[in-house]
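So the structure is just underneath, and the comments pick up after that.
The values are calculated or read from the model by the stated rules, or taken from the named source; none is laboratory data. These numbers come from a predicted model, not from an experiment. Virtual Cβ from ideal backbone geometry, glycine too; neighbours counted across all protein chains shown.
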Amino acid sequence: MGRGFSSNLKEEAKSGDGEAKWPSTTYTKENLRPYKKFPVLYGERKFARAFPKQTQTLSFTDDLPAEIRLMIYKYCKIQVSGHFFELWNPRHNSGHLWTRNGFPKYARFRKPLRLLRLCRKVHGEIAEMFYSRQNFRFSDANGMQMLAAWMYTIKARHFQYLQHITVQIPVRDDDQCIWTPTKWTSFAILQARRGMNVPNYRYRSKHYIRNIAHGEHCYGKAMARGFKYLASIPELKKLEFTVPWDYQFIPWNMPQHTCTLNYLEMLDPVGRVKHVIEDHSDADFWKPLADLKQKSQSKDLTIAFVLLHGPEYSHEWVYVEKMCAARWLAAYAKVQGYKFGHARWEDGTYQVRYDEDDLLILKLEGRQHYEPPGNLTQGSGLLWHSKTSGQECRDVGQQLRKQSLLERQV
């Protein structure tokens, strides 16, 4: 049937002298020029034809009550499979299926997106249902930057309905970070190819004079914009930050730490956990996160960290040793009032759970790691330590080493 319909269009598109004529009766070539970079939209409009004038007894948008229209929308499968919409999936790994529910699949072939383009009135009615009932995920590295670009594109009239967002924690110290000039330029090109509006983060000569690279400037501005957007969502119920199991969010897992053990023992339990997480990882992330919790327009917002295990795992020392850092993050979540969950890549996706994680409690036999304190109560005489920085920690360590050398000489 589809082939016959296509052949009829081709026959009608030919004039009497055999020359092809413009198939659309509603759009001209000049009207369609801006759509050439969007093949799907261009094709729909190129072959759009006006309906023949006839008496219509019932109008879907004017005569049917809103309650009935909403019931019809529900049968149109507005919710995608699995109730999550992956917009920034990890790059394909040859040994695993990490491309399921990827952006190209939904951007071109999902029927809910076509329904949103039907007309303005239907778009307005269905937008709230579409955006509020999906878990929008940005599961790859630099997810905050892609989230900021996506929300900048759909504008507040749409992202105000968002209720559930999952995004990967920033990986500024990882080799996948895009804050170098070349990587950021490639990232901006990718956003444009996906039909997104690329924000202008206003890199100026003053930043160059301060030795701030273009990519570094844009990376930080994008993360700040993302947090600003998240704080303005009135209906946001759940915000999950995924943490890859092998991400060095704490730069030490071995018994020989960056912190000196004597310095950590000087801190009260709460200050110890805050120092290890906030001062020994991406310091530009934790303060905006705390501000988001305080300034969010949503009164029911739940913030959670999700430890994301790989598709395959074993109990060997490399994997188990990294669970020590994860236990510190779990302790930090408890201190800050965040939830802590876990998930594992399986069949190209993952399901977040908030029960006990059997992998998190694994420890190496015969090796001792400096574990987070069990009793997370803040002491009364050591509150001044809670505002110390990682640099102060290193300074104290040097002082203790010098003092030890002097004592040995005496």
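General observations
- Condition check for Leu329: at pLDDT 85 or above, outside any helix (DSSP H, G or I) and closer than 22 Å to Pro90 by Cβ: no
- Figure legend. Inter-residue proximity from region 228-240: first residues part of a helix (DSSP H, G or I), second residues of a type in the set (Ser, Thr, Tyr), beta-carbon distance below 9 Å, spacing 6+ or different chains. Indicated pairs: Tyr229/Tyr152; Leu230/Ser296; Ala231/Ser296; Ala231/Ser298.
- Screening Asn142 against (1) within 22 Å of Ala213 (Cα to Cα); (2) surrounded by fewer than 23 Cβ atoms within 10 Å (Cβ to Cβ); (3) in contact with a Phe, Trp or Tyr (Cβ under 8 Å, 6 or more places away or on another chain); (4) at pLDDT 85 or above leaves a single unmet condition, (2).
- Residue in region 202-209 that is of a type outside the set (A, V, I, L, M), within 20 Å of Asn89 (Cα to Cα) and at pLDDT 75 or above present: no
- Boolean, Ala149 is in a helix (DSSP H, G or I) and among the hydrophobic types (A, V, I, L, M, F, W, C): yes
- For region 290-302, the criterion of a residue being under 19 Å from Tyr247 (Cα atoms), of a type in the set (A, V, I, L, M, F, W, C), buried (at least 17 other Cβ atoms within 10 Å of the Cβ) and at pLDDT 75 or above is satisfied by no position.
- Looking across Leu41, Leu64, Leu58, one residue alone is in contact with a helix residue (DSSP H, G or I) (Cβ under 9 Å, 6 or more places away or on another chain), hydrophobic (A, V, I, L, M, F, W, C), more than 26 Å from Gly348 (Cβ to Cβ) and at pLDDT below 85. It is Leu64.
Residues are listed down the side, and each one gets a yes or a no for (1) over 20 Å from the mean Cα position of the chain (by Cα); (2) surrounded by fewer than 21 Cβ atoms within 10 Å (Cβ to Cβ); (3) under 30 Å from Gln351 (Cβ atoms); (4) at pLDDT 75 or above:
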site	(1), (2), (3), (4)
Ile178	no, no, yes, yes
Gln248	no, yes, yes, no
Pro269	yes, yes, no, yes
Val273	yes, no, yes, yes
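- Subset of region 316-333 [under 14 Å from Ile277 (Cα atoms) and either of a type in the set (Ser, Thr, Tyr) or touching a strand residue (DSSP E or B) at 6+ places or on another chain (Cβ under 7 Å) (or both)]: Ala326, Leu329, Ala330, Tyr332, Ala333
- Taking the conditions (1) exposed (fewer than 14 other Cβ atoms within 10 Å of the Cβ); (2) modelled with pLDDT under 85; (3) not in a helix (DSSP H, G or I) in turn, Leu364 satisfies each one other than (1).
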